Amino acid sequence: MASAQDILNAINASNGKLDQLHTDLLAGTNATKAVRDAVLDTEAHLDAGFTVLAQGQAVLAALQDRTNTVLSHLSAQADTMICLLDSIARNTCALRNDSALQTPALERMRADLDALVFLYSTVNPGSALEWERSTAVAARMDACCPPQQPEPPCRFTGCEAPERLPEHDVDAKVPAYPYPPRDRDPR
């Protein structure tokens, strides 16, 4: 049978093992808490990252909307420019066509009028002299009091232009990420 000393030694040995078990259990609890803290920290980083990402997407959507508005406006302005250029091209073409028809006729008329003035001045020299005097007086009168000019035959009518875009400042800004990057342990 075992002596009291043997029983005491066995109890002391089991107490040492219980102390070791208690120490191991505390170490396991602390390690579990460290893992839990790391998971919570990671979850906070992910929540913050998703929030910043969502806010960034909202800013991008606002910028895309503004870009679409500006592009639509530019398209309307381009339509106006095309309309004006078409009007300029048509008027230029019409002027060139009229000029091509009228220039030779005016040159023939000028030659005919010069011939008539020459013929008239040789037949009626006194009347030709009077005509020159009255032409000089009329020139002085025109210099003093110019005659009323006729209405121009062509008046510009513009094309429909889009209204000016209002100034727009996209105030939505992406906030700074609240957590600085962490050094990753390579282990």
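Below are the figures for this structure:
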quantity: Mean ellipticity per residue at 222 nm, deg cm²/dmol - from DSSP H runs of n ≥ 4 across the chain, formula -39500 (n - 2.57); calculated: -28500 deg cm²/dmol
quantity: Residues residue 22 and residue 2, FRET efficiency given R0 of 22 Å [Cβ-Cβ distance, rounded to 0.05]; calculated: 0.25
quantity: Reduced Cα scattering model of region 116-161, Debye log10 I(q)/I(0), q = 0.17 Å⁻¹; calculated: -0.69
quantity: Estimated distance in nm for a label pair at residue 133 and residue 63, the labels positioned 7 Å out from Cα along Cα-to-Cβ; calculated: 8.6 nm
quantity: Nearest-0.05 FRET efficiency for residue 116 and residue 140, computed from C-beta distance (R0 35 Å); calculated: 0.90
quantity: Solvent exposure of the chain as accessible area per residue, Å², 1.4 Å probe; calculated: 87 Å²
quantity: Whole-number D in µm²/s for region 81-144 (Stokes-Einstein; Kirkwood sum over Cα pairs; 10 °C, 1.306 mPa s); calculated: 103 µm²/s
quantity: Tilt relative to the chain, helix 4-123 - C-alpha long axis, 0 to 90 degrees, to 10; calculated: 0 degrees
quantity: More than 24 angstrom apart: percent of Cα pairs within region 1-102; calculated: 73 percent
quantity: Virtual spin-label span in nm between residue 45 and residue 155, 7 Å along Cα→Cβ; calculated: 7.4 nm
quantity: Farthest toward positive dipole pole in the chain [+1 Lys/Arg, -1 Asp/Glu at C-beta], among 80, 12, 102; calculated: 102
quantity: At 1.002 mPa s and 20 °C, Stokes D of the chain from Kirkwood alpha-carbon radius, µm² per second; calculated: 72 µm²/s
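The values are calculated or read from the model by the stated rules, or taken from the named source; none is laboratory data. All of these numbers come straight from a predicted model, not from anything done at the bench. Quick reminder, even Gly has a Cβ in these numbers, built from the backbone with ideal geometry, and neighbours come from all protein chains shown. Heads up: the accessible areas ignore ligands, DNA and RNA and are worked out on the full protein's heavy atoms, side chains in. Shrake-Rupley method; radii C 1.70, N 1.55, O 1.52, S 1.80 Å.
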